[in-house]
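Computed from the coordinates by the stated procedures, all read-outs in this text should not be read as laboratory data. None of the values given here were measured: they were computed from a predicted structure. Note that we place each Cβ from the backbone using ideal geometry, even for glycine, and neighbour counts take in every protein chain shown.
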Amino acid sequence: MAILKILQYPDERLHLVATRVDVFDEAVGSLVADMLETMYAAPGIGLAATQVAVQKQIIVIDSSENRNDPIILVNPQIIAMSGTSNLEEGCLSVPGIYETVKRAERITATAQDINGTPFEIKADGLLAVCIQHEIDHLKGHVFVEYLSRLKQTRILAKMKKLARERM
């Protein structure tokens, strides 16, 4: 396993749309293991393959209190949404930025596991928000795009400044 480099906003690769996984082989299992290690090390509760520059529809999530209950969603799709949630979100690709985003409170999604077996997941609260957030990444969207133009401009300036300081 390896810790992967997480792309930082405004990296253009974060806006690429992920492709469907059709072959469930050792490479998928290896990528998932690396993504989990990366997410736990960051530390975060969710990570999309697009955030580590892999344009595949794979997300890993672990919102459990003890950080020992990972959920792997391959080719996820939300099939039902209800209610409204206004939780503060953060993102490993936008470190240090936390903003409230309006999302569905409850969702039902379909996905496949790392072997390609289809399943359905129902989620509410933090898990529902996390699934929506990570699926957005697979579609080439970053959570800051839900914010006002003024907030987006300020976040972009802050992220560019942080990038310069890292050089």
Checklist entry - Counting Lys +1, Arg +1, Asp -1, Glu -1, what net charge surrounds residue 102 among other residues with beta carbon under 15 Å of its beta carbon? => result -3
Item to check | Residue of 44, 96, 116 that the Gaussian network model of the chain assigns the largest fluctuation, springs spanning Cα pairs under 10 Å | outcome: 96
Checklist entry - How large is the helix-only mean residue ellipticity at 222 nm for the chain, computed as the sum of -39500 (n - 2.57) over DSSP H runs with n ≥ 4, divided by its residue count, in deg cm²/dmol to the nearest 500? => result -9500 deg cm²/dmol
Item to check | Under 15 Å, Cβ to Cβ, from residue 140 - net charge with Lys/Arg +1 and Asp/Glu -1 | outcome: -1
Item to check | Three semi-axes of the equivalent ellipsoid, the chain, Cα gyration tensor, whole Å, largest first | outcome: 24, 20, 14
Checklist outcome for this item: Neighbours of residue 151 by Cβ distance under 12 Å: Lys/Arg at +1, Asp/Glu at -1, summed charge +1
Item to check | residue 80-residue 160 FRET efficiency (beta carbon distance; Förster radius 45 Å; 0.05 resolution) | outcome: 0.70
Item to check | Relative contact order of the chain, pairs being alpha-carbon contacts under 8 Å that are 6 or more residues apart, as % | outcome: 24 percent
Checklist entry - Which residue, 129, 74, 28, tops the fluctuation ranking in a GNM of the chain built on C-alpha contacts under 10 Å? => result 28
Checklist entry - How high is the FRET efficiency from residue 105 to residue 22, r the C-beta distance, R0 41 Å, rounded to 0.05? => result 0.80
Next on the checklist: Can you classify the stretch 1-71 as rounded, prolate or oblate using the Cα gyration tensor, where a ≥ b ≥ c are the square roots of its eigenvalues, rounded means a/c under 1.5, and otherwise it's prolate if a/b beats b/c and oblate if not?
Outcome noted: oblate
Item to check | Positive-end extreme of charge dipole, the chain - chosen from 163, 23, 66 (charges on Cβ) | outcome: 163
Checklist outcome for this item: Candidates 128, 49, 27; GNM for the chain (alpha-carbon contacts under 10 Å) flags as most fluctuating 27
Next on the checklist: Let's see if you can work this out: charge +1 on each Lys and Arg Cβ, -1 on each Asp and Glu Cβ, no other charges. What is the dipole magnitude of the chain about its Cα centre, in debye to the nearest 20?
Outcome noted: 920 debye
